[in-house]
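Every number in this text was worked out from the coordinates using simple rules, so none of it is lab data. Remember, predicted model here, so these are calculated numbers, not experimental data. Here Cβ is always computed from backbone atoms with ideal geometry, including for glycine, and neighbour counts include all displayed protein chains.
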Amino acid sequence: MTTRPVLLGLIGAVALAPCAAAAAAPIHVELQGGRWSPGGPELVRVRADGRPVAAVLAAVERATGVTIDALPPDVAAAPVTIDVGPLPLDRLVRQLVRPHGLAAIYDHGGRLARLVVVPTDVETPGEAWQVGARAPAEASSREPSMREPSMQARVDGTWWRLEDIGPEAPPARREAALLALGGALDDPDAVALLEAAADGRAGLAEDDPARRLARRILAVRPGVGDEDEAEPSEG
Amino acid sequence: MKRTHGSVARGAFAVTALVMLLGASDAFASFKIAHWNVQSGFGKGGWAGGNAGFTPGSDCSRNAWGNGSGPLARTLVSRVKDDKAVVALTVNEAWTCATPSRIRSLLGFAAATKEVNGVAIIARHGFAGNSEVVALPKCSGGAEQRYVVRAPVYTDSARSKVVQVFATHWTGCAAEGKATVEFLQRYAYQPRSLTGDLNVKSVSDAPIAAITAKNWTDAWSKLHGKSGGQTATWNNSYGSPRGNLYKRIDYALFKTLKVRSISRFNHTGEPGAAKMADHAGIVVEYDD
């Protein structure tokens, strides 16, 4: 007499359990050494159960402050079970995405501020999925590299590199580089260099005129929010 | 005797008419102060397509500055140079292409202050004395160093009247408002104008309230109330429809002056189309 309700209940519980677990299970991101500081030895440990890759990486982004570029939609939606670490952030992200045939690489010079996810079977970062609406990026002749800075852009036949916009470059060269890059805002490589100058990754001080110039140039792009949006009135 | 009486009567009438005429003339005397965040002359890109007549970016020959002949430069001529009542233009983000010295040359104005972090004052009839710069407290450790620039600006070609013109570009915190009003009040009892991109969305917010608490008046609020008058920002992710101006953050505040009108320019057009600057400019008119 009681077999059917119990059986139905068991079937229901089994059927609902994964959904409930997926919806309710929090994603734990633990930082060893506190918030990620670029270039530092901090390690990251992630525990997630059955959550989509995109949700896991978003949690990692929030905890570390490091931008992780957009994933292909089919990968972003794939559920993952992960309990690893502590690992350096780049290795953690690679571990997350490698089962999907993807690898994560740096696209900056010297300090970790962004990770780009690329298919492992391609030779160039030109096939990487880039930030937001810029995907897919134009092909580049550069080889991907895990640690070596690779930021460079060719504008009107001239190669501009990170050192051209860094503090070691003469001010006139920095300005020339930034203005040239500002003429190629449809080139993701040029934008990446400008962003490195603007956000400090190129090593420029906050009040460096070149850093302000880079910010002004980037503000020309449509859809870019105001500086004051990030720093609202105290009123 | 009759003839004498007639002459006296005619003379009295002429004097009365002259007095009335002078009075009427004086009643219509005014001067204007313009302000614009010129965004370096770079222009603001859009997504709507079409031919904007310039290429947004840092190339001074192709962007909105266009080596002094682009749409931003032409607007400066039509709205500032050609309006003879405009005696001062305050600028923000006047770097790289649309610099104060280039704008002064374009307008044929007599003087310009030095530029500090993109802020400057350019005067049609020149300055009655030295200009002055005050550094404001930073809003946070990573915030930009901001300044207020002051210059005594002649309001007439005879160089007989002066208004103290202050220009600034805030990050938008209360500390800036407090430091700014201290500077403004050093020139108490003189006609004073403060214009700038204050990055504050409401006149009742603390940074501006620090100034209005000293009986300074916001020109837009006085003439048009507390709504409307948006000056920023073209073609970012906000606004309705997307890309439209959506906030009033460029202000004209004054004291010991009587405001007559305030208007905007570069405030119309299709959101999403490239714009000569991401801010609207303002022109405020005061009794002389």
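Quick one: among B:G228, B:G50, B:G172, which has the greatest mean-square fluctuation in a GNM of chain B with alpha-carbon springs under 10 angstrom?
B:G50
Among rounded, prolate and oblate, which fits the range B:135-288 when a ≥ b ≥ c are the square roots of the eigenvalues of its C-alpha gyration tensor, a/c under 1.5 means rounded, and a/b larger than b/c means prolate?
oblate
Each residue of the range B:97-106 in order: what ³J(HN,Hα) in whole Hz does its phi give by Karplus 6.51 cos²θ - 1.76 cosθ + 1.60, θ = phi - 60°, with x for Gly and Pro?
Each residue's phi maps through the Karplus curve to give 10, 8, 8, x, 5, 5, 5, 4, 5, 4 Hz.
Per-residue HN-Hα couplings for the range B:272-282, Karplus 6.51 cos²θ - 1.76 cosθ + 1.60 at θ = phi - 60°, whole Hz, x for Gly and Pro?
x, 7, 4, 10, 5, 7, 7, 10, 7, x, 10
Pairwise over distinct Cα atoms, reciprocal of the mean inverse distance: report the Kirkwood radius of the range A:167-225 in Å, one decimal place.
11.2
Starting at the first residue of the range B:165-171, write each ³J(HN,Hα) from the Karplus equation 6.51 cos²θ - 1.76 cosθ + 1.60 with θ = phi - 60°, in whole Hz, x for Gly and Pro.
These are the phi-based 3J(HN,Hα) values: 9, 10, 10, 7, 9, 8, 6 Hz.
Which percent of the Cα-Cα distances in the range B:144-196 go past 14 Å?
54
Springs between alpha-carbon atoms under 10 Å, Gaussian network over chain B: tell me which of B:K222, B:K81, B:K44 tops the mean-square fluctuations.
B:K222
Quick one: grab the alpha carbon gyration tensor of chain B, order the square roots of its eigenvalues as a ≥ b ≥ c, and give me rounded if a/c is under 1.5, else prolate or oblate depending on whether a/b is larger than b/c.
prolate
Out of every Cα pair in the range B:164-220, what percent are spaced more than 14 Å from each other?
Roughly 48 percent, once rounded to a whole number.
Averaged over peptide B:196-203, how many Cβ atoms belonging to another chain are found within 10 Å of each residue's Cβ?
Per-residue shielding by partner chains comes out at 3.
In the range B:55-212, what percentage of the DSSP-assigned beta bridges are antiparallel, given to the nearest 5?
75
What is the Cα coordinate range of the range B:201-263 on the first, second and third principal axes, sorted by size from largest, in whole angstrom?
Projected onto its principal axes, the Cα set of the range B:201-263 covers 39, 26, 14 Å.
For labels at B:R62 and A:D74 in the simple 7 Å Cα→Cβ model, what's the distance in nm?
3.9
When a/c reaches 1.5 or more, the comparison of a/b and b/c decides; with that in mind, is the range B:17-140 rounded, prolate or oblate per its Cα gyration tensor? Numbers along the way, then the final one.
Details: a/c = 2.46, a/b = 1.51, b/c = 1.63.
Note, shape of the range B:17-140 comes out oblate.
Over the range B:55-110, consider all pairs of different Cα atoms and compute the Kirkwood hydrodynamic radius from their mean reciprocal separation; express it in Å, one decimal. Each step should come with its number before you reach the end.
On the way: mean 1/r = 0.0879 Å⁻¹.
Result for the range B:55-110 stands at 11.4 Å.
By how many nm would the segment from B:S204 to B:S157 grow when fully extended, if each residue of separation counts as 0.36 nm and the alpha-carbon distance is taken off?
13.2 nm
Would you mind checking B:K161/B:K226; B:K44/B:K222; B:K214/B:K258; B:K32/B:K84; B:K201/B:K226; B:K81/B:K247 for any pair whose Cα atoms are more than 20 angstrom apart?
Pairs exceeding the cut-off: B:K161/B:K226; B:K44/B:K222; B:K81/B:K247.
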